[in-house]
Amino acid sequence: MTVEDVAWPVPDRPIAGLDEIVRACIPVHVLMAPDQSICDEAARSRMLGWAASRFISGLRLVLDVRTLWPDGDAGDDDFARVFDALSIIENEFGDVLIQNLPSDEVLLGNTATSLPSGPGLELADRFRRSYLRWRLPLLKSCENDNSWSQTPEVEDKLVRAGDDLLPNHPELLKLQPGSIVVDVCGGLGRVARRLSPAVGRDGLVISIEMFRCLSDRARRFACERDITNLQFRPGLAQRIPLPDATADAAVNEWTGGIWELGMGPVMVREMARVVRPGGRIAATHRLVQLQLSALAQPWVQYDRIYAWMREAFAQPELTIVAERIWGQIVPSLVGENASLWRKQYMPRLINPFDVTYRQDENPDTRADVYLTIIAQRN
Ligand SMILES: C[S@@+](CC[C@H](N)C(=O)[O-])C[C@H]1O[C@@H](n2cnc3c(N)ncnc32)[C@H](O)[C@@H]1O
């Protein structure tokens, strides 16, 4: 739900019922119209501190040129300062939507939009154009990084349901009908969809993903399939927008970047925080498309990863209850296979573009290898 007209940078009075709504796992977004003080670090910190302390899930900002520049005068440098401030807020907060400017989906060409109208248009128009120039390269760079494996249809094919560890062994997470599970770095919802039957119609899987274009796509895909016990929220692994001890379990799967960037400990701490005592958390590191010859020495690859994961799980409130190495043989996705696959699926998610993979001289069978650590919250 969205709470409208919240004063910037913090509300001037408590929001009635907010705590109850958040505790019921309903994502709360607040609508704010920042003034010039968005460029001021102290004002931003006040806002971010308030939003984090209330477990606000998303910020909807109205960037109104009349509120930002009441005297009607601003140039490119002023615009850039506002966009810098936005980047800082986005990096720290995770889910920020600019309510009155084209959304990422529009910029990616997935839906139509209309031009702004009304008084003050000239400044508004320059500001909008400047926003497009700033936002578009950012989004385009995300496309390349994230499109590779990211279509729900492909993911469902890639990881065969029968081989998926946690959905097939709900007892490892102590899941039962009615359980609430948080899926951290949920991407297009593959893990959430798989866990959905284990928690049943009365349960809930809350998927947290940093890219809105992915969580929106995941929500659509789940709706199309009539899966109703999933929630998709844009948000960050390092700041899960849920109060302490709200969930029965938390999972994270296939996010190499989190471990590589040293964010494993903060993510696991957040997962432990949102799970109730006695609940379980599981993280799975997934190495995809390994040549079989490399499998002869899997620990050569896993030494470092295993050390990162053990370090992240070494927290006083956690007791490790299981460690598993598992995986599956998969067909090669190099060479022509990869190009065909990409051509077939990419346009569904983003603008069509074509990349031909290097032709592999020696296409062969590959394996995906997973390492899972499961811990119980003390
Ligand atoms: C390879 S995908 C895996 C998606 C899903 N967990 C699965 O197994 O199918 C990794 C996802 O993690 C997301 N991600 C990476 N860092 C994140 C962070 N700090 N907070 C939230 N999501 C993040 C990426 O945007 C991407 O969608």
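Bear in mind these aren't lab numbers, they're just calculated from the coordinates by the rules spelled out. Please read all numbers here as calculations on a predicted model, not as lab measurements. Ideal geometry is used to build each Cβ from the backbone, glycine not excepted, and the neighbour counts take in all protein chains shown.
ALA247's amide H: which non-local residues (gap 5+, or another chain) put their own amide H closer than 5 Å, with H modeled 1.01 Å from N in plane and none for Pro or chain starts?
VAL275, ARG276
Please order CYS223, CYS185, CYS39 by the number of other Cβ within 10 Å, starting at the fewest.
CYS223, CYS39, CYS185
Under 5 Å between amide H atoms, partner at least 5 residues away or on a different chain: which partners does GLY203 have, H built in plane at 1.01 Å?
Distant-sequence amide H within range of GLY203: GLY178.
Just to be sure I understand the model, the point goes 7 Å from the Cα along the line to the Cβ. What's the resulting ASP244 to ALA16 distance in nm?
Simple spin-label model gives 2.9 nm for this pair.
Using the Karplus curve 6.51 cos²θ - 1.76 cosθ + 1.60 with θ = phi - 60°, what ³J(HN,Hα) values do you get for each residue of segment 167-176, in whole Hz, with x for Gly and Pro?
After applying 6.51 cos²θ - 1.76 cosθ + 1.60, I find x, 7, 10, x, 5, 5, 9, 6, 7, 8 Hz.
Can you pull the semi-axes for segment 2-145, root of five times each eigenvalue of the Cα gyration tensor, sorted largest first, whole Å?
26, 19, 15
Can you bin segment 189-282 into rounded, prolate or oblate? Criterion: square roots of the alpha carbon gyration tensor eigenvalues sorted a ≥ b ≥ c, rounded for a/c under 1.5, prolate for a/b above b/c, oblate for the rest.
oblate
Output wanted: per-residue J couplings in Hz (rounded whole) for segment 205-213, from phi through Karplus 6.51 cos²θ - 1.76 cosθ + 1.60, θ = phi - 60°, x for Gly and Pro.
Working through the residues one at a time gives 10, 9, 9, 10, 9, 6, 9, 4, 4 Hz.
Any chance you could check the Cα centroid distance between segment 1-30 and segment 204-235 for me, in angstrom?
21 Å
Measuring from label point to label point, each 7 Å out along Cα→Cβ, what is the ALA24 to THR319 span in nm?
Rounded to a tenth, the inter-label distance reads 3.5 nm.
Starting from the Cα of TRP134, step 7 Å along the direction of its Cβ; do the same at ARG66; then give the gap between the two resulting points in nm.
2.1 nm
For segment 215-263, what are the per-bin percents of Cα-Cα distances with bins 5 Å wide, up to the bin holding the maximum?
Calculated P(r), rounded to whole percents: 4, 14, 20, 22, 22, 13, 4, 0.
Report ³J(HN,Hα) in whole Hz for each residue of segment 28-43, in order, from the Karplus equation J = 6.51 cos²θ - 1.76 cosθ + 1.60 where θ = phi - 60°; Gly and Pro get x.
Once rounded to whole Hz, the list reads 10, 10, 10, 9, 10, 10, x, 9, 3, 5, 4, 7, 9, 4, 5, 5.
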